[in-house]
Amino acid sequence: MQLSVIVPVLGGICATVLGVVMGGMLTRRAQVQHWLRDHQVDACLGIMRESNRVQFALRSAWRDGTRPDWVPWNEALTVLTLVTGPDMVSAAQQIDQVFWETNRKISAREITSEEDWALVRSALENARLSFINHARRQLADQREPVSRLAARPPLPVEGQQGEAGDGEKSAQQ
């Protein structure tokens, strides 16, 4: 056989094998990144869902003494820790810190009025908003922060009625 025939054939075979190997590596990398991003989004949604649930549970704890179920919140934190970076975990831990401080205040009976609860709620929602803005920057490449949670109106100015529950309070007085 002539060398002029063998070299192009071997070159073609090597180029094909190299192309398949490189394509497989790039595809795998893209699939891993896609899988990770999907799980990061799911973990952030879990944090928001559970932080909302815990906030309502803390309000119930303050109002009627029911104890919050911390297990789903702790699970959401653990999942987030597994799939996101330290800055996202830190933002979620800020929410957790506010939860623990709020729980302590409820246990110590330091929250005695709707005005006290409004301050607590503001701290909770500020921590949640900070987390949302971290998630927007990392997962959606949204640099401009949102200024309030979408699910509720802004906190009232001092001297105005607070929450929807305040209307019930006013009606009873």
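Before moving on, here are some points about what is shown:
- Relative contact order (%) - criterion: Cα under 8 Å, at least six apart; region: segment 71-135: 43 percent
- Relative contact order (%) - the chain, alpha-carbon pairs under 8 angstrom, separation at least six: 18 percent
- Simple spin-label estimate for VAL20 and LEU149 gives 5.5 nm between the two label positions (7 Å along the Cα-to-Cβ direction from each Cα).
- Relative contact order for segment 1-98, counting Cα pairs under 8 Å that sit 6 or more residues apart, in percent: 24 percent
- For q = 0.09, 0.19 Å⁻¹, Debye-computed log10 I/I(0) when each Cα of the chain counts as one equal scatterer: -0.46, -1.24
- Helical mean residue ellipticity (222 nm; -39500 (n - 2.57) per DSSP H run of 4+; nearest 500) of the chain: -27500 deg cm²/dmol
- For q = 0.13, 0.18, 0.19, 0.22 Å⁻¹, Debye-computed log10 I/I(0) when each Cα of segment 1-51 counts as one equal scatterer: -0.54, -0.70, -0.73, -0.80
- Packing-based ranking of 121-127, 143-149 yields 121-127, 143-149, ordered from highest to lowest mean Cβ neighbour count within 10 Å.
- FRET efficiency estimate (nearest 0.05) - Cβ-Cβ, PHE56 to SER113, R0 22 angstrom: 0.75
- For segment 54-116, alpha-carbon Rg and Dmax in angstrom: 13.3, 39
- Packing here is the average count of other Cβ atoms within 10 Å per residue, and on that basis the peptides 88-95, 3-10, highest first, run 88-95, 3-10.
- Euclidean distance of C-alpha centroids, segment 86-143 and segment 1-66, integer Å: 30 Å
- Here the accessible area is traced with a 1.4 Å probe on the protein chains. For the chain, carbon and sulfur cover 58 percent of it.
The values are calculated or read from the model by the stated rules, or taken from the named source; none is laboratory data. Here the structure is a predicted model, which is why all the values come from computation and not from measurement. Note that we place each Cβ from the backbone using ideal geometry, even for glycine, and neighbour counts take in every protein chain shown. Quick note on the areas: whole protein, heavy atoms, side chains included, nothing else; ligands and nucleic acids left out. Shrake-Rupley method; radii C 1.70, N 1.55, O 1.52, S 1.80 Å.
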